[in-house]
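Below: the structure, in structure tokens.
The values are calculated or read from the model by the stated rules, or taken from the named source; none is laboratory data. Bear in mind the structure is a predicted one, so any value in this text is a computation, not a measurement. Here the Cβ is made from the backbone with ideal geometry for all residues, glycine too, and neighbour counts use every protein chain on show. These area figures cover heavy atoms from the full protein model, side chains too; ligands, DNA and RNA do not enter into them. Shrake-Rupley method; radii C 1.70, N 1.55, O 1.52, S 1.80 Å.
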Amino acid sequence: MVLQVRQIGKTYRGSGKAVRALERVSLDVAAGELLVVQGPSGSGKSTLLLCCGALLAPDDGEILVEGLSPYTLNRRRRAAFRAQKVGFVFQQFHLIPYLDVLDNVLAAAVERNSASRERAMHLLERFGMGDRLGHVPGELSVGQRQRVALCRALLNDPPLLLADEPTGNLDTDNARVVLRALRDYAESGKAVLLVTHEEKALSLAHRTLQLKQGRLVYP
Amino acid sequence: MRTTRLLLREIFHRKAMFIAGLLAVVLSVGVAVGSVTLLRAFDRQTESILQAKQDEVKHAWAQYRDDVRRSMLELGFNLLIVHKDQTLSTPDEETRYLPEAHVEKLRRAKLATINHVLPFLQKRIWWEEKKRWVTLYGTPGEVQINNPAKQVPMVRSIPPGHASLGRGIHESLGLHPGDRFVLTGREFVVQDTRPAEGFQEDEQIRVSLNEAQQMLNKPGLITGLMAINCVCEDPRGLANIRRAISAVLPDTQVREHKGNMVVRAEERSRAARETEASLQREHRNRAQLRTRREAFNAVLLPAVAVVAAVWLGLVTWMNVHHRRGEIAILRAIGWTDGRVFGLILGKAVVTGVLGGGLGYVGGQLALAIPLGFSKIQMFEIRLILASLLGAIVLAVLASWLPALHASRMDPAVVLQQE
């Protein structure tokens, strides 16, 4: 099992009332599996994803990625853990505006060598961005930007890919390309956790879970 | 991808913000370099002024020594020939006059030791027109006794209607050669104005002997004769001269009178001492001025550094805030705290290096343009290194807190907000 989530809970305590974002959530994602977690806005999907990605420590429960709990690591090791074990794709792409396409992908490189560069170029070619290597994000369409973000997430070949509404800003064709890429990545033996509120992702999922008010609802 | 590549791309992308931070460093380094350079230029100027003063002192003493040497070489001295009953003990003593014909007697005697004589008639008189006391001094000029072509006369004859004024008179009345003035109802034209010669001489109005005799109602009379630059070849010369003169002019006595050379040497000694005192004063003034400038710099430089650090710190803080999303995603894809910290501080180092270099050049040019390039040492390696190092330290310290904030930023919070 690549990802194991055990009874995690998360509460946000801001200036106002405390909000319970996740309540005793448990799930597993196996290698070769694309798991879609569906739910309306505010249901806790993004929180779940950030917890799984070693970015947000849950208050309760445990998360294991390839058998290792990232929250037991110090900050430096956890950063290295994220670089090696987890890939992120976000709805807002989060590309660095002043770096060109190739440098945006290479920003995630664990090893700063020619192999990383070759792999980055290979990925960009594969996603139809081979002729846009020197362009900055502002010169790309939203679909192209998401493909660059996808290439960045896949650069280190992480065992776990986390995607947060990756098709939220895309048209149908681009959404299909991205979802197909996620499915292909899962079928290459990796684990993919996709959180979305869109129905169109369901057809490509190996398994689907519903999240409502921080709790998993089994269909 | 290397951190430096990302850092440089970001600088080019957000030029205005970078320049705003850079300006703070450039200004602070410029002010510091300018202050130090100004202080050094001041030191060089001080050195040059004091050197010039020292040269002046050396020159003055050299002139003094030269005069002494010349007077010693020539062994010349002046003699005063007056009536034998004139004691010269009190200023109020009644003057006993000599006949003017004594001059001709002396000339005819052709005494070998006397070169020339200066007959004179003098009396202290009340100058009614100017309401002051002066000494009226009438003389026909020097009369050659021996070697008439040997020397240019020290005191020339004064034409009738003309006058030579001592320093105390022409300076106080503002009279210049060519000016006219009236003395006891008689008009004179200023023939020349004399430099300082001594207390008595400075208060003298010299006119022709004839005019003085008329004004004092002493026709054919003189007060005495000055035998000028008498030369003696042995120490007993003065006694011999006295005897010789007494033989020719039995109703007279001979007294020593200080020579012009001695007067001039005294003047030069005084001038040298004054110049030396002026050198000491200048030395003290420059030292005080430098101390004040140092004290001013001691306040100015830290103040400028603090303002620049706060300014740069705010700019860096704004930059970090502006890049929250970017920093969050870098953290999400595995950048460590240290790498993010280095990214921000690396930019501070670039700001420091550029700001130090530009500030150095700016500070030097800001002084070189008004003062002149020759007064400034443009390439001073220690100051260049200090500027660069100081600017880097300033920029790094100013960016430290924003960099720490960036490295500690919670990416989950930012990614959820954006």
Given A:Lys85/A:Lys212; A:Lys10/A:Lys212; B:Lys84/B:Lys123; A:Lys45/A:Lys200; B:Lys15/B:Lys347; B:Lys123/B:Lys218, which pairs have Cα atoms separated by over 21 Å?
A:Lys85/A:Lys212
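Where nothing but the Cβ of Lys and Arg (+1) and of Asp and Glu (-1) is charged, how large is the charge dipole of the protein assembly as shown around its Cα centre, in debye to the nearest 20?
1080
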Among B:Ser246, B:Ala62, A:Gly44, which residue has its Cα furthest toward the positive end of the charge dipole of the protein assembly as shown, with +1 on Lys/Arg Cβ and -1 on Asp/Glu Cβ?
A:Gly44
In nm, what is the difference between 0.36 nm times the number of residues separating B:Met378 and B:Ser157 and their Cα-Cα distance?
73.3 nm
Could you please state how large a percent of the accessible area of the stretch B:316-418 is carbon and sulfur, counting protein chains only and using a 1.4 Å probe?
72
What shape does chain B take by its C-alpha gyration tensor, where a ≥ b ≥ c are the square roots of the eigenvalues and a/c under 1.5 counts as rounded, a/b above b/c as prolate, and the rest as oblate?
prolate
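How many Å² of accessible area per residue for the protein assembly as shown, probe 1.4 Å? Don't skip to the answer; put the middle values down first.
On the way: 31180 Å² over 637 residues.
Heavy-atom SASA per residue in the protein assembly as shown reads 49 Å².
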Tell me, which residues of the stretch B:310-332 get at least 30 Å² less accessible area when the other protein chains come in, versus the chain alone (1.4 Å probe)?
B:Glu326, B:Ile329, B:Arg331, B:Ala332
Area hidden from solvent between A and B (accessible, protein heavy atoms only, 1.4 Å, total, Å²)
2400
Counting DSSP beta bridges with both partners in chain A, what percentage is antiparallel, nearest 5?
45
Rg(Cα) of the protein assembly as shown divided by 2.2 N^0.38 Å?
2.05
Regarding the stretch A:21-128, what's the average projected area of the Cα-atom convex hull, expressed in nm²?
8.8
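Only Cα pairs under 8 Å and at least 6 apart count here; give the relative contact order of chain A as a rounded whole percent. Could you put the intermediate results ahead of the total?
Working: 450 pairs, mean separation 70.7, N = 219.
Computed over chain A, the figure is 32 percent.
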Only helical DSSP H runs with n ≥ 4 go in: add -39500 (n - 2.57) per run for the protein assembly as shown, normalise by residue count and round the 222 nm mean residue ellipticity to 500 deg cm²/dmol.
-17000 deg cm²/dmol
Just how far, in whole angstrom, is the stretch B:388-414 from the stretch B:167-206 if you go by their alpha carbon centroids?
82
